[in-house]
Structure formats: structure tokens, C-alpha cells
Amino acid sequence: QQIQEEMNKQLFDSLVNFLRRSHSEFQEKATEWTCQMKSREIPTAALILGVNVTDHDLTFKSLSELIQNNITPYVASLQAKDCPGIKNLMQKLMGQLMNCYVDVDSLDEEDCAQVSQNKIRCSMTSLISWYENITKKTDFETPSRKRTSSRHLQSPPVVVIFKDMESFTTKVLQDFIVISSQHIRELPLILIFGIATSPMIIHSLLPHSVSSLLCIELFQSLSCKEHLSTIIDKLLLTTQFAFKLSEKVLQVLINIFLYHDFSVQNFIKGFQLCIVEHFYSQPLSVLCCQLLEAKKRVNALSHSQCENIRRLPSFRRYVESQESEKQIALLTSDNFLKEAVQKLLEDLHVYHENYVPVLRCLHVFTSSLPKYPLGKQIRELHCACLESRVWESEDYESSLQLARMLNKSDLVTMLQKCMEIFVSSSGKEFDKVVEKLKDFLAQFQKPEGACQEQEESVSSQKELQKKTDLYHLQKTLLELKESRRSKKLTKFEILRFEVVDFIDSLVRNYLVPADHKTLHEIMYFNTASTLREHLNAAPRIALHTALNNPYCYLKNQALKSDGGSISNKAPDICIVYKLHLECGRLINLVDWLEAFSTVVMAVEGPNGDAAVSDQVDDIIHARFIRAVSELELLGFIKPSKQKTDHVARLTWGGC
């Protein structure tokens, strides 16, 4: 929430300034309203939010609270699903502004409604009357009462937010804008359009005669990809939180974001789900906290928790790498184990402190290259480093080759950024790194290498200008080419190679994959399959499981069935579904009803009467009709045009 507030601050500040400016223009024009044609225009903010529609609700909620706290208490938020007509729109608008409920079913042709024994006419005239009355009451309030609302503007405007403008019908928007523009001098109205696609949608929905009544100003929010990068940067690439995500889990969340909904809110929900799963399924997650607290908790570990540590694959690898005496102590003595675990947890925290600055430094280099072998975003580089030793990949080698061709200005800029990263980091091992970077920058300030390159290029150009005939020109070019191959590297080129090799050494030392570190299971959630089961829905499999084996979800012992048998205690839709699996393409409704009646009326035990009467009970008939209707709603069957008393089956094969 803090990150989102920081990211939206600039956008919200711009909107608040727009509202203040529009309100001041209202008051300036109030004296000469009839003389100015422009006074009919409605101030309108077109807020471009992007296609991540699921994130818009939180943005509009924060925006409404901000406007109510700083500009005006009269804010209404409208959605297209609630406003199919102008009558419904006015009813919703007045209901929110007056903080009351107007029953839409009680509206007659004259748009009247009964509210708290008073008839309120759902029209612009009644809205204006309400506004005049409420502002008069505010003007005559006592000074002590007015101080509480001093943060609001005098004669505050009415702000109407259309959350999803693309979903509103053209006629509703046209009627509302035309009516509002005719009464704009009595009611200072400001519109905010929430747009997911493009501002051109305004001109697509509204003709010129209507859009000309709007004084539109565009506001662009940050893209959802930038939002996601900031979330990952602040939540994952930090030492503030001990909990981490493995490469596979992070890739699942990013893929769902990129290929499904672009929703940052859903990404955060997936992140929260990872936290819950980790602390629920990992018994040692009690140690997933900051270092000082973790050391305290290590001393309080029970014998069973110590045994859980000994079972960890990373800890077993660590034990195998130790001497035999230490191996015995680690496997038999709990006190010795606790001391070792404290040291290992300290190493893990130091690893994270060093990992993040070096990763950011590497990203400075790779993101400035003409191509992006390791990806442009830091999240892509982070996933590559978590997956394996990044310096062994071909993309990394390609990045180094491109870095060895950078010019002086680019290298100096990158080194300055890297130095700022290391200076501001909490790692204690980067003092020498900062000194080395300062040394590189000082050497780049010396002009010898650049002058030498320049002199060589000038001399070679003079040689070429002396040759006038084609033969001598070709001969000179070949000689220059051979000399460049055999010549020694310049000071600048040597220094550039040293810089790239130094960055390469940092990567090899500090960007070791997390799964190579001992006790990484305590802090890293790596069960990607569990996350996929929760987030990647498979509706057909879930439906088939629920209808074919209801015990899987209901956990009722009476619903257990052997093989393909059908229990009469199962829900009606389950019985109908199992019977329909035994049929072909067309299903006879009469036969289906008789089979359903046979199953439902079957009584277990030797004294049960298995005969089914010819006259089907009305209740069973009604239950069958309801179950078939539900099956049709789920998309398993549809009415058939070939035969009136048959339905067609739509699904085939197993799940």
C-alpha cells in the first residue's frame, strides 16, 4: 500500500491541481457567465489507467478519499453495469451524493422516488436544488463548525467519476453531458473518465457536438509493467524482508501477470499466497525473520526441529563437505547444531546484503547495451541469476562482449551509477569495491588514451587522402587493416577490459544461485506446482471431479461410491451428470428421467422396494428439470433441433 501511494502521488497531485484550477475558473466566470460561451464546457479529466482493470478499483478508491479530504465532500463513482439508462445514472448519482438509497423499481415515468417519506425527483433540477440547499447550510454554519471543513473549497464542486468509460452506452453519456452542460452555472460539475484503452475512445463514443461541451485534460498513470517492476524492486530485491521467492515461483507469478491480466493486485495476492503456503508447510519457517530475531529463535529450537534441519537437502550437502568429527557433532549434538545454524543464517543474510547491490550494478551494465541478452528489466536478470550460474550462460558472454565495445562516456556513466549503488548499500565488503571504482573513474579522466586514438585516426585519414589512384588506395586500406590487427591495445581499451573483468569478478563472487546456499529452504518458497494449482485454474477438471465424485469436495462419507456406481444420496446434478456420461450424442429426456427416478427412489437393504411406479412423482420430476437446467447452464448439454424430446451432449472424453 505504501508503494502504491508513492507511485500514484504524482498522478493524484496533478489531478488535485486540476480540480482546484477548474474550481477557480468556475468562480471567476460566475459574474459574467452568460457572456462567455466557454462557460458551457464541463471540466473533464481523462485518466488513462491501462488494461489492468482489476487494479482500477483500488486507484479510484484512493482518489475518491483524496478528493473528499482536500477538495470537496461531494464525490460520486459510477459503473456502467449500474447505469444502463440515464434514469439509473441519475438515481445512482443522487443516491451517492445525498448518502441515501433510492429504489430503482419504485421509479415511475417522471423519475420520482420515495426516500425517507420525502419524494425526491431524480432529475438535474432536484440535484441543483439539493446542492443550493446544502451549500447555503454550509455558509451559515458556526465558525467552529466551519473550521472542520476548512480543507474543502468554498462552494465545492461536484465530482463524478466514470470508472469504466468504455462500458457506458453512448446514449447515456450523451444525455448526461448535454443535460449537465445546460445547468453548469447552477451546478459546478467536474467529470473524471476512467479509461483503460486510449483517449480516442472519447471521440469514438461521443459525437463532436457532445465532446465539444467538454474541456478535456489528459492524465497518464504509470504502466502496469513499471508498477510491477517497482513492486519486485521494493519487496523482493531488498534485505528488509527475509522471505524470498525462488526462480520458478517468481516466474509463475510473472507469467500469469504478463499472459493473463496485467494485474498488480493479483500478483500481490499470489505473493501473499506464497507467504501463507511457506509458513504453513515449512516447519522451519519460524527462522524466516531478521538476523537478530532468527538467532534468538535458534536457541529455542526443540529436538524435533533440529531433526528437521538435519533433513534439509542443503544442510545434508553441507554436512557431507565437513570433516568426520564435525559431521558426527552436527548429526548428534543439538547444541553444536544450533551454533552452526546461527553461523549459517548469518552467512545467508550477508549473501542477501551483497547479492542485491551487485545485481543492480550488473543491471546498470546490461540495460545500457544496444541489445539485451539478459533482458532489459531487472526482474529478468534476477530470475536468470536465481536459475543457475549466470556467468556460464551464452547470454552473459554476449553481454560481456558488447560491454567491451562501449565508449568512454557510457562507461563513465555506468561506473558512477554503480558507485552510488555500492555507497548506499548496507554490505560491509564493498569499501574496496568503491575505491576500485573511484580509481577507474580517475583513470578515465586522463586524456592520454583518447588523444592517442584521435591522433591515429587523423594520421590514417591523411594517408588515405594522399592516394588518388585506385590501386594505391586499395593497397593502403589493406595495410591499415593488417596494422590494426597486429597493433597493441590502447590505454583506453586496456582500461575498458579491466572494468569489464572487474564487474565479471563481482558477478562470480556474489551472484551465486540461492539454492547453492545452505539453509536456503528456510527463506525461499520453491513449491511452484502448489502455486500453479491455486492460481492456474482448470475449470473443466474441477467440474468433472465435483460432479463425478462429490465426496472429493463435500467430504461426506455417505457419498463414497465404488467404481462407476451411482449413489442415491448424491446431489441431483451429480446423478444426472453420471447418467449423461453413459449416453450418446443425443439423449432422450424420457429415458433420462426414468433412469434418474430409478436411482433416486432406490432404497438400500433387503426390504427395499426396487419397483418404480409408472406415475413419476411431481417432486422428483421437478428435481430432474432443475438438475438438467443446471447442467445446461454449465455447458454440458443443449436443446436439440432434430428431436423435440432430446438434448444434445456437448462434452466428450475424459479429464
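The values are calculated or read from the model by the stated rules, or taken from the named source; none is laboratory data. For clarity, every value in this text was computed on a predicted model and none was experimentally measured. In this analysis, Cβ positions are derived from the backbone assuming ideal geometry, glycine residues included, and neighbour counts consider all displayed protein chains. We work out accessible area using only protein heavy atoms, side chains counted, and drop any ligands, DNA or RNA first. Shrake-Rupley method; radii C 1.70, N 1.55, O 1.52, S 1.80 Å.
Things to note:
- Condition met for residue 7 (under 21 Å from residue 132 (Cα atoms), surrounded by 12 or more Cβ atoms within 10 Å (Cβ to Cβ), assigned by the TED database to the domain that holds residue 211 and modelled with pLDDT of 85 or more): no
- Those helices (runs of 4 or more DSSP H) of segment 472-585 in which at least 3 residues are open to solvent by 70 Å² or more (accessible area, probe 1.4 Å) and modelled with pLDDT of 90 or more, considering only elements entirely within it, cover 491-510.
- Of all residue pairs spaced 6 or more apart or on separate chains, those with beta-carbon atoms under 8 Å, a first member in segment 573-587 that is within 12 Å of residue 637 (Cα to Cα) and a second member that is outside any helix (DSSP H, G or I) and basic (Lys, Arg) are 580/649; 583/649; 584/649; 585/649; 586/643; 586/649; 587/649.
- Selection count where residues are touching a helix residue (DSSP H, G or I) at 6+ places or on another chain (Cβ under 7 Å), open to solvent by 10 Å² or more (accessible area, probe 1.4 Å) and at pLDDT 90 or above, scope segment 155-187: 9
- Candidates 284, 359: the one that is in the same structural domain as residue 419 (by the TED database) and within 28 Å of residue 391 (Cα to Cα) is 359.
- Scanning segment 163-186 for any residue that is under 33 Å from the mean Cα position of the chain (by Cα), assigned to a strand (DSSP E or B) and within 30 Å of residue 2 (Cβ to Cβ) turns up nothing.
- Being surrounded by fewer than 16 Cβ atoms within 10 Å (Cβ to Cβ), in the same structural domain as residue 282 (by the TED database) and either touching a Cys at 6+ places or on another chain (Cβ under 7 Å) or not hydrophobic (A, V, I, L, M, F, W, C) (or both) holds for only one residue in 251, 240, and it is 240.
- Checking residue 242 against (1) more than 11 Å from the chain's Cα centre (by Cα); (2) within 30 Å of residue 348 (Cα to Cα); (3) not in a loop (DSSP other than H, G, I, E, B), the condition it does not meet: (3)
- Residue 263 being open to solvent by less than 60 Å² (accessible area, probe 1.4 Å), small (Gly, Ala, Ser), closer than 30 Å to residue 227 by Cβ and touching a Cys at 6+ places or on another chain (Cβ under 8 Å): yes
- Residue check for residue 219: farther than 30 Å from residue 381 by Cα, aromatic (Phe, Trp, Tyr) and open to solvent by less than 40 Å² (accessible area, probe 1.4 Å): yes
- Any hit, segment 372-386, residues being modelled with pLDDT of 90 or more, open to solvent by less than 20 Å² (accessible area, probe 1.4 Å) and in contact with a Pro (Cβ under 8 Å, 6 or more places away or on another chain): yes
- Of all positions in segment 456-467, none carries a residue that is of a type outside the set (Asp, Glu) and modelled with pLDDT of 80 or more.
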